[in-house]
Amino acid sequence: MDRKQRAEELTAQVDGWLDDLTHQLQDGHSEEYMAMLDFYADNFHKYSFANQWLILSQNKNAVLCRGYKQWAELGCQVRQGEKAIWIRGPWLRKEIDPDTGEKVEKLVGYTALTVFDVSQVDGAENLPNTIHQLKGDEDLLYAQVVAAIERQGVVVEEKDLNWKYHGLSTPGKIQIDSKLSTREKLVVAFHELGHEYMHQRDAEKRTSRQEELEAESVSYILARQYGIESNFSRDYLLRFKEPVEGLQQSLGRIHQAVKVLSEWLEPAEEPVALAAD
């Protein structure tokens with residue numbers, strides 16, 4: 001099987017997975033979706049959800065994957081006889097944008113690529129830990145997260161929301177219910193930050209259910225990266241009732257948001273005080 005045929009086969013597998021996942025959510029089952037978010041948060045922030053599912057479907061114990069040459073550049077050697085994990089890579093073509101006249105890259109298909117898990121290589125014992133987590137107790141972590149959000153020009157305000165909402169997002173402002181515990185405030189802050197990045201700054205129209213799936217997925221992933229379990233995400237995510245194309249679009253936006261927001265959430269040296277109502 002050549003790489004083009006392999007890529008077509010992988011794409012068919014991904015399409016089938018997305019269709020199954022959409023129907024599961026529509027039927028009130030979130031277990032597989034939550035397992036995918038867990039895998040994403042714990043292991044593969046740089047890979048798309050489709051490639052992460054392909055990795056997971058071929059090696060359920062995978063932890064950190066790189067290509068053969070990438071491992072070599074890190075001073076590691078893939079052991080002889082190890083079975084490769086197949087993923088998709090974008091096949092891009094440069095075209096002239098009819099509106100601007102500039103050359104742009106356009107996705108025209110996929111090619112098949114191979115990667116190997118860290119368990120399949122020698123010499124990985126001394127690699128640095130690439131997963132960043134803010135350290136400290138929950139109160140300090142919350143102050144650091146708020147400071148990081150406000151560095152992006154977004155005001156964070158605690159106020160009594162009368163139990164109607166846990167949090168609210170309007171352009172440039174996040175409100176969090178002051179009655180929540182610190183852990184709950186963190187989860188809500190991540191959720192509303194997802195809205196701020198994906199929805200308040202983007203004019204593209206989406207259904208409210210799609211926006212909530214995207215924001216809560218981002219919140220769940222970010223919280224898990226910091227060792228915080230979100231107790232209500234599983235039921236909250238079942239509000240999603242969109243077609244498979246909607247889920248595919250949402251997963252792309254979630255992936256991009258997590259990459260950007262993880263960079264935003266680098267800790268500040270000095271936490272800022274919250275504005276109280």
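Odds and ends about this structure:
- From the list Arg6, Arg79, the lone residue that is farther than 24 Å from Gln225 by Cβ, modelled with pLDDT of 80 or more and touching a helix residue (DSSP H, G or I) at 6+ places or on another chain (Cβ under 8 Å) is Arg79.
- Single residue of the range 89-118 satisfying the filter (small (Gly, Ala, Ser) and either outside the structural domain of Ala50 (by TED's automatic domain parsing) or in a strand (DSSP E or B) (or both)) that is surrounded by the fewest Cβ atoms within 10 Å (Cβ to Cβ): Gly109
- Of the residues making up the range 42-88, those that are closer than 23 Å to Gln248 by Cβ and part of a strand (DSSP E or B) are Cys65, Ile85, Trp86, Ile87, Arg88.
- Qualifying residue in the range 186-196 (condition: modelled with pLDDT of 90 or more, surrounded by 19 or more Cβ atoms within 10 Å (Cβ to Cβ) and in contact with a Phe, Trp or Tyr (Cβ under 7 Å, 6 or more places away or on another chain)): yes
- Candidates Glu229, Glu184 - the one that is in a helix (DSSP H, G or I), in the same structural domain as Glu266 (by TED's automatic domain parsing) and without any contact (Cβ under 8 Å) to a residue 24 or more places away in the chain: Glu184
- A residue that is in contact (Cβ under 8 Å) with a residue 12 or more places away in the chain and more than 25 Å from the chain's Cα centre (by Cα) occurs somewhere in the range 89-102.
- The range 5-23 residues that are closer than 19 Å to Thr111 by Cα, paired with ones that are among the aromatic types (Phe, Trp, Tyr) (beta carbon under 7 Å, 6 or more apart): Arg6/Trp86; Ala7/Tyr110; Leu10/Trp86; Thr11/Tyr110; Val14/Trp53; Trp17/Trp53
- Selection status of Leu237, surrounded by 18 or more Cβ atoms within 10 Å (Cβ to Cβ), at pLDDT 75 or above and under 15 Å from Leu21 (Cβ atoms): no
The values are calculated or read from the model by the stated rules, or taken from the named source; none is laboratory data. Treat the numbers as computed from the prediction; the structure is a model and nothing was measured. A quick note on method: Cβ atoms are made from the backbone with ideal geometry, for glycine too, and the neighbour counts reach across all protein chains shown.
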